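Peer 1: Input: one structure, supplied below.
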Number of protein chains: 2
Amino acid sequence: MSLVKPTHTGYFFGLSIVTLAERLRAGNVTSVELTQAALDSIERLNPLLNAFVSVDAPVALALARKADALLAQGQDLGPLHGIPVAVKDNIDTFDYVTTYGSAHFDGFQPDHDALCVQRVREAGAVIIGKTLTHEFAYGPTGDRSLQGAARNPWDARCITGGSSAGSAAAVASGMVPLALGTDTGGSIRIPSALCGTVGFKPSFACVPVEGVFPLSSSLDHVGPIANHVEDARLLFEVLAGRACAPAANAQPLRVGWITSGSFGPVDAEVNRQVYQAAQQLFGDALQETDELQTMAAGMKDTLQTLQRAEAFEVHAERMRDAPHTFDPEVRERLEVSREVKGWQYIRAQASQAQYKAAMARLFERYDLLVSPSVPITATEVNAREVRVGEQDIDVRAAVLSHTSAWNLIGLPSISLPVGHVRGMPVGLQVIGAAGEDDRLLQVMSRLFVRG
Amino acid sequence: MSLVKPTHTGYFFGLSIVTLAERLRAGNVTSVELTQAALDSIERLNPLLNAFVSVDAPVALALARKADALLAQGQDLGPLHGIPVAVKDNIDTFDYVTTYGSAHFDGFQPDHDALCVQRVREAGAVIIGKTLTHEFAYGPTGDRSLQGAARNPWDARCITGGSSAGSAAAVASGMVPLALGTDTGGSIRIPSALCGTVGFKPSFACVPVEGVFPLSSSLDHVGPIANHVEDARLLFEVLAGRACAPAANAQPLRVGWITSGSFGPVDAEVNRQVYQAAQQLFGDALQETDELQTMAAGMKDTLQTLQRAEAFEVHAERMRDAPHTFDPEVRERLEVSREVKGWQYIRAQASQAQYKAAMARLFERYDLLVSPSVPITATEVNAREVRVGEQDIDVRAAVLSHTSAWNLIGLPSISLPVGHVRGMPVGLQVIGAAGEDDRLLQVMSRLFVRG
């Protein structure tokens with residue numbers, strides 16, 4: 001996989017924080033210089049990409065100076081020390097306005113950091129700003145928010161995917177080397193696939209969601225977006241508040257390629273490119289598994305019922321008092337969400353438990369499952385239909401189709417950038433067994449070397 | 001408290017299973033004789049009271065013969081060995097038809113015993129038949145079921161209360177000394193209060209509900225109905241599958257009398273009688289607490305939301321396919337239940353957690369809380385309004401008003417027969433702190449001696 005470049009790139013394009021950390025410690029660069037490089041890249045690229053919705057140079061440079069001073073005193077806080085990091089704008093920060101992408105929270109200033117942000121701060125990272133989220137994270141396209149649409153670094157006419165739209169665009173374009181995202185149905189993995197970054201959704205409840213604006217409490221996850229798996233792993237350790245357990249170096253022996261079409265239509269070129277990448281990574285371990293086909297529709301319905309009821313619960317008073325302060329598309333989703341019945345929600349909870357059990361049985365026969373992260377490449381901003389093969393399908397349903405099941409099951413799942421189709425990035429999704437976050441990250445960090 | 005007698009009584013009226021167990025082991029009576037006495041009492045009284053919906057003399061006598069044979073061989077299974085016990089007809093029994101009080105299950109024969117029945121059987125009890133339940137246990141009056149209305153032993157024109165209608169009537173009248181009931185909003189304690197038995201709702205999840213037809217999974221409880229607290233305690237140990245921990249003999253020092261009216265209107269005579277009984281039992285430890293007043297309405301709404309959504313989930317397909325097979329009153333409740341929204345159910349779950357926390361704080365200042373179990377005496381069968389003071393109130397709302405909060409909170413709660421008002425029994429409800437089932441039973445077994 002050769003390193004094709006997006007139309008415009010920033011300082012951190014393709015860089016690993018492992019390299020940056022070495023340079024910092026060798027005295028070849030300072031955190032202030034890295035932070036200034038990030039600020040310069042943002043200044044240059046953000047007018048085009050709309051990835052950052054809030055940046056504060058003095059705040060960031062003050063953090064960087066502190067990081068440099070600590071390192072000079074021999075106080076090394078670890079691999080994130082002095083590294084510029086972006087935070088999705090649905091995650092609370094005490095020093096940045098946090099809008100959740102919504103006019104309801106225009107200018108809102110939280111009192112406290114989210115717990116995950118606090119951990120990132122304690123690890124010495126320089127929080128450089130907040131990145132665009134689809135309004136209330138309730139949309140997978142990243143083109144509806146208080147601040148408008150984020151733009152894809154590979155073609156600014158196109159969506160980034162969402163809802164962690166700005167985080168993926170910021171890392172993909174090289175404005176920052178690392179960002180925090182959230183993922184309720186694919187919101188880390190979708191923009192990672194469409195923008196060409198590594199995006200990791202950990203196991204459910206592995207990273208605390210305190211201080212993250214809820215979308216759907218039984219499906220919400222926080223995770224890293226990065227250029228490299230190893231970088232994602234290092235940020236994950238900080239977010240989870242623990243070191244990864246060392247994993248055996250063994251090649252995964254049983255990798256299930258989920259039969260194409262199990263989760264809905266897939267663009268033929270995307271499918272070919274992703275399958276080829278999977279073959280290169282896993283060789284003979286790759287075998288086809290058609291066992292998801294019978295479960296896919298039921299898992300989608302179950303997730304939708306849980307998500308709708310939980311999402312409306314969060315917004316009930318706002319929908320009553322100020323419905324027109326929502327983006328019309330988000331409001332329409334909430335209106336549908338209002339109608340889920342209590343008994344249907346209870347059924348969905350029971351179904352979720354059954355699907356989790358079924359998936360645990362499937363993972364007795366596979367080490368990993370793989371599929372495209374997203375079955376298409378990025379569509380144009382505001383487009384809502386896309387032709388896949390012979391069918392016109394809904395863009396939002398399409399981009400969510402391959403990721404959301406793993407929110408329902410709560411399994412660790414990573415999207416890897418495995419090349420381009422028609423000039424736009426495509427992602428390979430690799431799913432691990434329950435609780436096997438460390439193993440998934442370590443195995444993929446070893447196997448997946450970015451071209 | 002003098003032992004007033006109901007109009008007609010059976011062999012076991014007022015008897016303790018402790019006494020019966022002594023007689024059995026002294027060779028003064030056999031299990032076959034006790035079982036035959038129960039069968040004779042049922043034959044005589046059941047045409048009037050409609051407490052039992054299914055009795056099988058040969059099955060019961062075979063169990064009794066086996067119990068006698070085991071005792072003769074020196075195999076003593078404990079205090080329930082050889083004792084006739086009745087089981088509410090919403091609890092599965094492999095050897096008795098189990099209708100759940102509904103025409104949907106007319107003639108239904110479960111494959112297996114409920115886990116609680118299995119435990120009672122393994123303790124050597126003689127299961128003598130099934131007792132009337134309000135249809136699907138979804139009603140607190142006990143006068144709507146496939147088998148009609150149960151009748152109050154003290155006045156057969158009146159309701160028993162429900163939904164464990166037949167179990168309370170069977171014990172109160174002396175057909176059996178012990179019965180199993182279930183309680184989702186008061187279904188053990190209400191008929192116990194209205195019929196004059198001891199009825200105990202354990203802490204939530206203390207007794208397994210496997211094999212019990214669900215009404216509302218987050219509120220359902222299984223528990224004993226008996227003549228004496230000690231008998232209830234002995235059956236509870238079997239149901240819970242563990243011996244009670246020994247409790248200190250100390251008198252409770254801080255007993256909170258819940259300010260009358262906190263949970264709705266109370267008949268003045270009932271209030272006087274119950275308060276007087278509480279004074280006799282607790283003396284100076286009794287003090288008034290008005291802290292429930294502000295929570296009562298919210299707790300009721302929360303319980304109702306949980307119960308409705310969960311109840312409809314159980315019956316969704318029956319309501320779609322055969323709505324007219326339900327009793328019209330139960331169907332009407334289910335129609336209302338269908339309309340609870342998912343987001344409201346989620347809110348109610350959150351409220352339940354908050355009320356549990358508030359109640360835990362309250363119990364830091366009290367050992368026990370007490371109130372009337374039911375604010376009125378038994379009304380006439382099919383009556384749906386009752387005058388309390390100056391108000392006409394709904395009978396079903398009235399009988400549930402003082403018990404249902406303790407299902408929401410999941411606290412152990414017992415109804416004690418503390419005399420009569422206008423010739424009909426009234427009950428004192430005593431509520432213990434979370435998980436303090438053993439202490440509540442042991443303290444009340446010592447303090448409360450039936451007149």
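The values are calculated or read from the model by the stated rules, or taken from the named source; none is laboratory data. A quick note: this is a predicted structure, and the numbers were derived from the prediction, not measured. Cβ atoms come from the backbone with ideal geometry, glycine included; neighbour counts cover every protein chain shown. All accessible areas refer to the heavy atoms of the entire protein, side chains included, with ligands and DNA or RNA removed. Shrake-Rupley method; radii C 1.70, N 1.55, O 1.52, S 1.80 Å.
Peer 1: Need one number: nm distance between label points at B:Ala247 and A:Arg272, each 7 Å from Cα along Cα→Cβ, rounded to one decimal.
Peer 2: Distance between label points: 7.7 nm.
Peer 1: Now for a different question. Using a 1.4 Å probe on the protein heavy atoms, what percent of the accessible area of the range B:255-447 belongs to carbon and sulfur?
Peer 2: Details: 3280 of 7490 Å².
The computed percentage sits at 44.
Peer 1: On to the next question. Determine the share of the range B:17-240's accessible area contributed by carbon and sulfur atoms, expressed in whole percent, with a 1.4 angstrom probe. Write out the running numbers ahead of the final one.
Peer 2: Values: 3230 of 6100 Å².
C and S atoms contribute 53 percent here.
Peer 1: Give the separation of the Cα centroids, the range A:346-412 to the range B:398-446, in Å.
Peer 2: Between the Cα centre of the range A:346-412 and that of the range B:398-446, the gap is 51 Å.
Peer 1: Something else about it: Accessible area per residue of the protein assembly as shown at 1.4 Å probe, in Å²? Could you put the intermediate results ahead of the total?
Peer 2: Details: 31370 Å² over 902 residues.
Accessible area per residue: 35 Å².
Peer 1: Follow-up. With +1 on each Lys and Arg Cβ and -1 on each Asp and Glu Cβ, how big is the dipole of the range B:97-252 about its Cα centre, in debye rounded to the nearest 20? Let's see the in-between values first.
Peer 2: Details: 10 positive and 13 negative charges, 54 e Å.
So the magnitude is around 260 debye.
Peer 1: If you add up the charges near B:Leu146, with Lys and Arg at +1 and Asp and Glu at -1, over every other residue whose beta carbon is less than 10 angstrom from its beta carbon, what do you get?
Peer 2: On the way: positive: B:Arg144; negative: B:Asp89, B:Asp106, B:Glu135, B:Asp327.
Residues close to B:Leu146 contribute a combined charge of -3.
Peer 1: Dipole of the range B:342-409, Cα-centred, from +1 at each Lys and Arg C-beta and -1 at each Asp and Glu C-beta, to the nearest 20 debye? Please report the intermediate quantities before stating the final value.
Peer 2: On the way: 7 positive and 7 negative charges, 73 e Å.
Roughly 340 debye, rounded to the nearest 20.
Peer 1: On average, how many beta carbons from a partner chain sit within 10 Å of the beta carbon of a residue in A:51-58?
Peer 2: Details: counts 0, 0, 0, 0, 0, 0, 0, 0.
Whole-number average of other-chain Cβ neighbours for A:51-58 is 0.
Peer 1: Excluding the sites themselves, what is the longest stretch of chain B that contains no trypsin sites (Lys or Arg not before Pro) in a DSSP loop with at most 16 other C-beta atoms within 10 Å?
Peer 2: Values: sites that count: B:Arg157, B:Arg242, B:Arg254, B:Arg365, B:Arg384, B:Arg422, B:Arg450.
In chain B, the maximal stretch lacking such sites is B:1-156.
Peer 1: So which aspartates and glutamates pass the test for B:Lys130, namely a Cα distance under 13 Å, with those fewer than 8 places away in the same chain ruled out?
Peer 2: B:Asp56, B:Asp89, B:Asp92, B:Asp95, B:Asp113
Peer 1: Moving on to the next point. Just the number, please: buried accessible area between A and B, total of both chains, 1.4 angstrom probe, nearest 100 square angstrom. Intermediate values should be presented prior to the final figure.
Peer 2: On the way: alone 16400 and 16420 Å², together 31370 Å².
Accessible area lost upon association: around 1500 Å².
Peer 1: How big is the charge dipole of the protein assembly as shown about its Cα centre, in debye rounded to the nearest 20, if each Lys and Arg gets +1 on its Cβ and each Asp and Glu gets -1 on its Cβ?
Peer 2: Working: 76 positive and 98 negative charges, 113 e Å.
So the magnitude is around 540 debye.
Peer 1: Longer than 25 Å from Cα to Cα, which of A:Lys341/B:Lys88; A:Lys201/A:Lys341; A:Lys341/B:Lys201; A:Lys300/A:Lys356 are they? Say none if no pair is.
Peer 2: Values: A:Lys341/B:Lys88 31 Å; A:Lys201/A:Lys341 29 Å; A:Lys341/B:Lys201 30 Å; A:Lys300/A:Lys356 13 Å.
In this structure, A:Lys341/B:Lys88; A:Lys201/A:Lys341; A:Lys341/B:Lys201 lie more than 25 Å apart at Cα.
Peer 1: Test of understanding: given chain B, find the longest segment containing no GluC sites (Glu not before Pro) that are in a DSSP loop and have at most 16 other Cβ atoms within 10 Å.
Peer 2: Values: sites that count: B:Glu210, B:Glu339, B:Glu364, B:Glu390.
Counting at most 16 other Cβ atoms within 10 Å as exposed, the longest clean stretch of chain B is B:1-209.
Peer 1: Could you tell me the distance between the Cα centroids of the range B:244-294 and the range A:1-75, to the nearest Å?
Peer 2: Between the Cα centres of the range B:244-294 and the range A:1-75 lies a distance of 67 Å.
Peer 1: Assume the label is 7 Å from Cα along Cα to beta carbon: what separations in nm does A:Arg365 have to the matching positions in the other copies?
Peer 2: Distances between equivalent label points, in nm: 6.1.
Peer 1: Further question on the same structure: Which residues does a label at B:Glu210 reach in the range B:407-445, if reach means a backbone N under 11 Å from a point 7 Å past the Cα toward the Cβ?
Peer 2: Nothing falls inside the zone, counting backbone N under 11 Å.
Peer 1: Right, here's the next one. Between B:Gln109 and B:Glu364, with labels modelled 7 Å along Cα→Cβ, what's the label distance in nm to one decimal, could you check?
Peer 2: Label-label distance for B:Gln109 and B:Glu364, simple model: 5.7 nm.
Peer 1: Checking buried surface per residue: for the range A:331-353, which residues lose a minimum of 40 Å² accessible area in the protein assembly relative to the chain alone (1.4 Å probe)?
Peer 2: Residues meeting the cut-off: A:Lys341, A:Gly342, A:Trp343, A:Tyr345, A:Ile346, A:Arg347.
Peer 1: Distances from A:Gln276 to the same residue in each other copy, label points 7 Å out along Cα→Cβ, in nm, shortest first?
Peer 2: 9.4
Peer 1: While we're looking at this one, here's another question. Among B:Asp143, A:Asp76, A:Asp367, what's the order by accessible area (1.4 angstrom probe), most exposed first? Before the final figure, lay out each step's value.
Peer 2: On the way: B:Asp143 10, A:Asp76 80, A:Asp367 35 Å².
Ranked from most to least accessible, the order is A:Asp76, A:Asp367, B:Asp143.
Peer 1: Quick one: what Rg and Dmax do you get for chain A from the alpha carbons, in Å?
Peer 2: So, for chain A, Rg and Dmax equal 20.3, 63 Å respectively.
Peer 1: Would you mind listing the distances between the B:Ala353 label point and the same position in each other copy? Use 7 Å along Cα-to-C-beta, nm, one decimal, shortest first.
Peer 2: Once sorted, the set of distances for B:Ala353 reads 1.7 nm.
Peer 1: With the cut-off at 1.5 for a/c, could you classify the range B:255-447 from its C-alpha gyration tensor as rounded, prolate or oblate?
Peer 2: On the way: a/c = 2.13, a/b = 1.39, b/c = 1.53.
Since a/c reaches 1.5 but b/c is at least a/b, the shape of the range B:255-447 is classed as oblate.
Peer 1: Continuing with this model, one more query. Along Cα→Cβ, 7 Å out, is where each label goes; now give me the distance between the ones at A:Asn28 and A:Gln354 in nm to one decimal.
Peer 2: Between A:Asn28 and A:Gln354, the simple spin-label model gives 5.7 nm.
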